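The values are calculated or read from the model by the stated rules, or taken from the named source; none is laboratory data. Everything numeric in this text was worked out from a predicted model, so none of it was measured. FYI the Cβ positions are ideal-geometry reconstructions off the backbone, even for glycines, and counts take in every protein chain you see.
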Amino acid sequence: MSRLDIFCLLLIPLIVYDSLSSERRRAQMPISQARTEEWLCHRCGSAMSRLTWLAIDAVERPDLIRDFPGLISFRCPKCQHPNRRSQPMLVLRLAKAAPLIEARKTDDGDDPLESQDEIVHSVQRELRRNLQEIRGPAVLATFDEVLAATSEDIDSDFGAMAGDLESLADKAPHYQSLLRKVESIQLPTRVLAAASEIEGVTSEQELRQVVARRPEVLTDEAEDLFLFRLQSAVDESQRQRARMLLTTVQRCRQGDYSGAWGQQVFAVRAHFERTFLPFLRAYEEARQGNDFRQRARVGKELMEKIVPGTNPLLETDVAVVTAGALLQDDSAGRSESIELAISYCHRALALMDEHPEIDDLSVRIALVMNLGGGHFNRLKGDPAANLASANRYISEAMGLLSQIDDPDTKAMAQTNMALFLIERANAGDLDQARDLFEQALAQRSFERDPRDWAFTQLNLARVYSQDGAGDRRSNLQTAIAHSAQARIAGGAAEDTEIQAQACFNLAAQTRDLALLPDTPPDDKARLLDDAEKNCFESIRHSPLSVSPMRFGSAWLLVSEIRLARTEKDNAIEALKRSLTALSAETDPASARKASRLLRVLAEDQGDYELAADAAETLVDATAASISRYAHARDRMSAHSEDVPTDFRFAASTLVRVGRLVEAIKAIELGRARELILITLDEQLNLEALSHLNPGLSAAIVDTTKSLRAEFLAQESGTQSALADRLDLVRAEVSRTPTFERALDVPDLDELSQAAQPGHPLVYLGSAPSGSYAIIVDRDVSGRTELEAVHASNCDSETIVLNLFFGTGSNEGDGSSDAYLLAQFSGEGDLDRSLVALSSLIGENLIGPVGKVLTRRRAHGVTLVPTGLLGLLPLHAIGWTSEERDRRCLLDDFDVTFAPSARMRTACVKRAAHRGGQPIRWVGVANPLPNPDPLPGTELEAVLVRKLLPDADTLMLTREEATKQNLLEGLSTGTHIHLACHAGAGLYEPIFSASLSLAGEEELAFLEIAGLNIPARIVVASACETGVAQGYGDIDECFSLASAFIAAGAAGVVSTLWAVDDFATALVMYKFYDGMLNHDMLPATALRKAQLWLRDSTEPEIDVLASGHAALRTLSRQRSSAPPSSEPTPYSARSFWAAFTLQGA
């Protein structure tokens, strides 16, 4: 028989193949499925909602198998009666002999999968997506039978019994029953396995051997099975396959093995010539050519036609060649090409592992290096994890080099390792990379392979251009010389890709040389001209249709060259061309750089529409750059990289031209990103989602747990698959009906949930062009309206100068009116600084916002301040009204603050859910020992506690105020009161905020955020608990207040600075009195309390104090009495304005 005959025969078998490595498989959607369902008590009939696992994969979730009793049983909380669940459950891959089990309470003889149709389809969908298959038929078993099997080895026992159950008489009856059921379904499974072997034979002799080994294939049941497959085939390929098997089995049953073999050869040859041969010929032709795009296209087509595992040699060859071509892709689809290349490399390596006869060391090295290169250039997944994978694969390839003498292979491995070292950029890496490139260049030859020689020259040029040590001018000149050599070699190889890259490198290196401080003006002008010419040469060799990323990068470089010559208009034109190619999808880092520059230049030139276009691209590119990272700390670093204000400044530009929806998108993408991620399961209606897609619902719960754990750990390093898992979850949510936009930036419908009728949501920010506010309002009909305020004479630079340095006017005592100095060090005059801020921010921004709210007849407002505005008491900053009196937002509106619209909505839902619960008040005051005791806080706590005579309370004071006692109270309290020291300074490191407890123990931000705190309200009256750290780097909300929000609290009262003990006690008394005795919402109660203190006279305050011993004592002990000449002694903002409410 010819080689072609055998080759044809190897194309048909039905084999399930997983082409993904275990490393990539971890990033797939889970197969196990769960949703919330009602469990009924069979005695009293009461119902309870529980997370109910409807499908569990034993390989994926062995923990669920271990906890199987808890998945099927529960004790009624009302009558304590033990119950079994009524819902059936799919159990997958518990054993090879029983890969699919439907577990139920009892045997009822129904079709085992009929009642589970929805779950079966969901599981099948995830299996297909994961390139896996679990073959039936299903075993119908009881919960008791499966429970008995969870502690046994089904495969071992099933093999040992060999049909004789008496040999397992010592096993539990339920387990023996399950084994009987497994035995009854084995014949179809064995017949299918025999069919796969028959399809893979290459001679009549092999056919005889398979039949002898698998006699079940000659039974009536086998023939009936193949006849059923023929009748149920859905396309011609399936029909031919089933017909061939049926005919083969029929002839073998008649003893005609020669005829069976002959018809099988004929059928396969016909199928091969009709469906496969054209693709093979196209591949062979492309393989001989130089067009990598053509190789990638036909290679992908051929890989789809090859049945995995049927011809390992051909499959490996096509996978290697196609992966190499895909890794050269520079089009908009580059990311998907890299992913496919990585999967092909894993597929080829798996084939060589399974078939040692085709294992070739040089091919293996090429595959491993391609995996290194693929992960090195990967756009998806976490960058640090990708870099670690690249290092692992490249190191493996380097280790294999000792077994081979091929100089080109060695040079390739040395090059890949050097590229990794450049990217890692640790101390000494650049020097080591230079040495490796030099060794690679010594292995290569211009005459033998000018293309590879050119690549090495380009890489050497890169090392020298990045080397900041030594003589910078000399390094750049050396880099230029290497790039020039690469351009010559690229021309000799007739490779336009290399020529384009060499010209681009020459342009960048020449530009850098021109901009060195000691470059003479004439030389600078000449070098800049040369750099621009090289850019245009790169563009000529690499047009938009061929290499959009290089095209866009070249035009970005042109813009920078033109800016160096102060040609702003020409630079804008270059940036516009650049952004026709660069985007958040193709190259987010370059797109971010180009759009940021274009936004600034266009705004400077007065072209605000163009600036707004650039701002939209900037928002998308910045978000894409950040979201790639799996680790929270890396995401925050990416947020603040180069320019931490991209989102806020882009929003300002968009407000200026009236693109308010896009401006809100910019703010929401830049705000509270980490808080939203770690409460992802709260952002969705999981109960509704679980009925549409149970697996996705379970995946969101699991992913949120992982994101939360990773955020709380804040360790160096990353979780390699977490970013991939989040991407998969987002993609799956976007495909789910009614949830398509659930994880996108909030649209108007979702914003309307945060902006309730009469209670708008207001975003506030500042930029160099001025400050802005976006008011999101919803009327009683549910219609959402947007309105903006722009204050051009209240820009970010002026605000920063005012906050850090004040107005420059000092009183006779020399005190400063710089707000931040007074707020955190106590060295300035806080009240004077707030008056100065009122003149700047109050008159120009907050006052106009107040007028809009009044016109809209609002009674409350939620503020979402961005940047340094988040450090200010915006609710108390005043302005002059039309009636010429001084007003602030609190005069007319209940004011709350929120990190973002989504977090506000989550807090409102929490508050609604917890509104009717019995009160359990937990108070902490004056923890001891402490070098700075707070005796006044004990009196404050006693005062509040007396307002709850009938409530369940827990008072922790002095030595009892330990961390452990507080943790126990936080888990059950509905109202938490914390009157203790807090470390939460603006200039402290991010996440360093903490509460100080007895014995000088600390309860830190990340510890709090990791708790489950079901409180309706947390009152953190400790100093500066509302101060957010990190505002100079990232627009997040990392205050102690937001830690409690992250932990589940519905609302948090916190402070922006240290407040007088007596004033605090007065505010706290009136606040709790309003909530508990007058049924006020926290925002209303806090507002009333603050205004009462501001506006009360000394006699009014004395009347209140006279009725409470704690207030009388505090009044006597107060360290700084208010001015006696003032009719309202506590009217200064420093006494009442520090208190804010986050959440709801």
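Among the residues of the range 67-85, what is the count of those that are of a type in the set (D, E, K, R) and loosely packed, with under 12 Cβ neighbours inside 10 Å? Walk me through it before giving the result.
We begin by selecting, within the range 67-85, every residue of a type in the set (D, E, K, R); these are 67, 75, 78, 84-85.
Narrowing the set further to residues that are loosely packed, with under 12 Cβ neighbours inside 10 Å leaves 75.
Here the count works out to 1.
Just the residues that are under 26 Å from G916 (Cβ atoms) and of a type in the set (V, I, T), please, taken from the range 1038-1065.
I1045, V1052, V1053
Restricting attention to the range 889-905, does a residue exist that is in a loop (DSSP other than H, G, I, E, B) and of a type in the set (D, E, K, R)?
The initial filter retains those residues of the range 889-905 that are in a loop (DSSP other than H, G, I, E, B), namely 893, 898-900.
Then keep just the ones that are of a type in the set (D, E, K, R); that gives none.
Looking through the range 889-905, none of the residues is in a loop (DSSP other than H, G, I, E, B) and of a type in the set (D, E, K, R).
Among the residues of the range 889-904, is there at least one that is touching a Gly at 6+ places or on another chain (Cβ under 8 Å) and more than 30 Å from D747 (Cα to Cα)?
No, there is no match, as no residue in the range 889-904 is touching a Gly at 6+ places or on another chain (Cβ under 8 Å) and more than 30 Å from D747 (Cα to Cα).
For the range 350-372, does any single residue satisfy the condition of being among the hydrophobic types (A, V, I, L, M, F, W, C), farther than 22 Å from A418 by Cβ, touching a residue at least 60 places away in the same chain (Cβ under 8 Å) and crowded, with 20+ Cβ neighbours inside 10 Å?
Looking for residues that are among the hydrophobic types (A, V, I, L, M, F, W, C), farther than 22 Å from A418 by Cβ, touching a residue at least 60 places away in the same chain (Cβ under 8 Å) and crowded, with 20+ Cβ neighbours inside 10 Å, one finds at least one in the range 350-372, hence yes.
Need the failing condition index for L280 against (1) assigned by TED's automatic domain parsing to the domain that holds R243; (2) modelled with pLDDT under 85; (3) of a type in the set (A, V, I, L, M), just the number.
(1)
Report yes if some residue within the range 500-522 is in contact with a Phe, Trp or Tyr (Cβ under 8 Å, 6 or more places away or on another chain) and either at pLDDT 95 or above or part of a helix (DSSP H, G or I) (or both); otherwise report no.
no
Just one of (1) on the phi > 0 side of the Ramachandran plot; (2) in contact with a helix residue (DSSP H, G or I) (Cβ under 6 Å, 6 or more places away or on another chain); (3) free of Cβ contacts under 8 Å to residues at least 12 places away in the same chain trips up G381, so point out which.
Looking at each condition in turn, G381 falls short on (3).
On the given criteria, is V852 touching a residue at least 12 places away in the same chain (Cβ under 8 Å) and crowded, with 21+ Cβ neighbours inside 10 Å? Lay out the reasoning, then the answer.
Values: touching a residue at least 12 places away in the same chain (Cβ under 8 Å): yes; crowded, with 21+ Cβ neighbours inside 10 Å: no.
Judged against the criteria, V852 is not a match.
Return the total of residues in the range 861-882 being surrounded by fewer than 23 Cβ atoms within 10 Å (Cβ to Cβ) and farther than 25 Å from F1038 by Cα.
Residues in the range 861-882 being surrounded by fewer than 23 Cβ atoms within 10 Å (Cβ to Cβ) and farther than 25 Å from F1038 by Cα: 4 in total.
Which numbered condition trips up K96, out of (1) crowded, with 18+ Cβ neighbours inside 10 Å; (2) touching a helix residue (DSSP H, G or I) at 6+ places or on another chain (Cβ under 6 Å); (3) at pLDDT 65 or above?
(1)
For the range 705-729, what are the residues that are modelled with pLDDT of 70 or more and under 13 Å from A1009 (Cβ atoms)?
Matches in the range 705-729: L707, R708, A709, E710, F711, L712, A713.
With the checklist (1) at pLDDT 80 or above; (2) touching a Gly at 6+ places or on another chain (Cβ under 8 Å); (3) surrounded by fewer than 23 Cβ atoms within 10 Å (Cβ to Cβ); (4) within 27 Å of W1136 (Cβ to Cβ) in hand, flag the one item S796 doesn't pass.
Result: S796 passes all but (4).
Does A194 satisfy being in contact with an Asp or Glu (Cβ under 8 Å, 6 or more places away or on another chain), outside the structural domain of G159 (by TED's automatic domain parsing) and modelled with pLDDT under 80?
Taking the combined requirement at face value, the residue satisfies it.
Confirm whether V776 is outside any strand (DSSP E or B) and either among the aliphatic types (A, V, I, L, M) or modelled with pLDDT under 85 (or both).
Values: outside any strand (DSSP E or B): no; either among the aliphatic types (A, V, I, L, M) or modelled with pLDDT under 85 (or both): yes.
Spelling it out, it is not the case that V776 is outside any strand (DSSP E or B) and either among the aliphatic types (A, V, I, L, M) or modelled with pLDDT under 85 (or both).
Which residues, counting only those in the range 467-486, are at pLDDT 90 or above and out of contact with any Phe, Trp or Tyr (no Cβ under 8 Å at 6 or more places or on another chain)?
Residues of the range 467-486 at pLDDT 90 or above: 471-486.
Hits for the range 467-486 are D471, R472, R473, S474, Q477, I480, A481, S483, A484, Q485.
Listed residues P949, P927, P899; which is under 25 Å from R1116 (Cβ atoms) and not polar (S, T, N, Q)? If you could, list the steps in order and put the result at the bottom.
Working: P949 fails: under 25 Å from R1116 (Cβ atoms); P899 fails: under 25 Å from R1116 (Cβ atoms).
On inspection, the qualifying residue turns out to be P927.
With the structure loaded, tell me whether S766 is modelled with pLDDT of 75 or more, closer than 20 Å to R648 by Cα, of a type in the set (S, T, Y) and over 31 Å from the mean Cα position of the chain (by Cα) or whether it fails that test.
Details: modelled with pLDDT of 75 or more: yes; closer than 20 Å to R648 by Cα: yes; of a type in the set (S, T, Y): yes; over 31 Å from the mean Cα position of the chain (by Cα): no.
So S766 does not fit the description; no.
Hey, can you tell me all the residues within the range 280-296 that are surrounded by fewer than 17 Cβ atoms within 10 Å (Cβ to Cβ) and out of contact with any Ser or Thr (no Cβ under 9 Å at 6 or more places or on another chain)?
Taking the range 280-296 and keeping what is surrounded by fewer than 17 Cβ atoms within 10 Å (Cβ to Cβ), we get 281-282, 284-285, 287-291, 293-294.
Those that are surrounded by fewer than 17 Cβ atoms within 10 Å (Cβ to Cβ) and out of contact with any Ser or Thr (no Cβ under 9 Å at 6 or more places or on another chain): R281, A282, E284, E285, R287, Q288, G289, N290, D291, Q294.
Of the residues R910, R857, R884, only one is out of contact with any His (no Cβ under 6 Å at 6 or more places or on another chain) and either without any contact (Cβ under 8 Å) to a residue 60 or more places away in the chain or of a type in the set (D, E) (or both); which? Outline the logic, then answer.
Numbers: R910 fails: either without any contact (Cβ under 8 Å) to a residue 60 or more places away in the chain or of a type in the set (D, E) (or both); R857 fails: either without any contact (Cβ under 8 Å) to a residue 60 or more places away in the chain or of a type in the set (D, E) (or both).
Exactly one residue qualifies, and that residue is R884.
Against the conditions (1) modelled with pLDDT of 90 or more; (2) closer than 24 Å to A1046 by Cβ, where does R902 fall short? Just the number, please.
The failed condition is (1).
Is it the case that A699 is outside the structural domain of E1007 (by TED's automatic domain parsing), surrounded by fewer than 20 Cβ atoms within 10 Å (Cβ to Cβ) and at pLDDT 75 or above? Steps first, please.
Working: outside the structural domain of E1007 (by TED's automatic domain parsing): yes; surrounded by fewer than 20 Cβ atoms within 10 Å (Cβ to Cβ): no; at pLDDT 75 or above: yes.
For A699, the condition - outside the structural domain of E1007 (by TED's automatic domain parsing), surrounded by fewer than 20 Cβ atoms within 10 Å (Cβ to Cβ) and at pLDDT 75 or above - is not met.
Out of curiosity, is L845 under 37 Å from the mean Cα position of the chain (by Cα) and in a helix (DSSP H, G or I)? Let's see the steps before the verdict.
On the way: under 37 Å from the mean Cα position of the chain (by Cα): yes; in a helix (DSSP H, G or I): yes.
For L845, the condition - under 37 Å from the mean Cα position of the chain (by Cα) and in a helix (DSSP H, G or I) - is met.
Is there a residue being modelled with pLDDT under 90, more than 36 Å from the chain's Cα centre (by Cα) and surrounded by fewer than 23 Cβ atoms within 10 Å (Cβ to Cβ) anywhere in the range 952-971? Step through it out loud before you land on a result.
Just the residues of the range 952-971 that are modelled with pLDDT under 90, to begin with: 952.
When the remaining residues are screened for being more than 36 Å from the chain's Cα centre (by Cα), the result is 952.
Add one more test, that the residue is surrounded by fewer than 23 Cβ atoms within 10 Å (Cβ to Cβ), and what stays is 952.
Yes, because at least one residue in the range 952-971 is modelled with pLDDT under 90, more than 36 Å from the chain's Cα centre (by Cα) and surrounded by fewer than 23 Cβ atoms within 10 Å (Cβ to Cβ).
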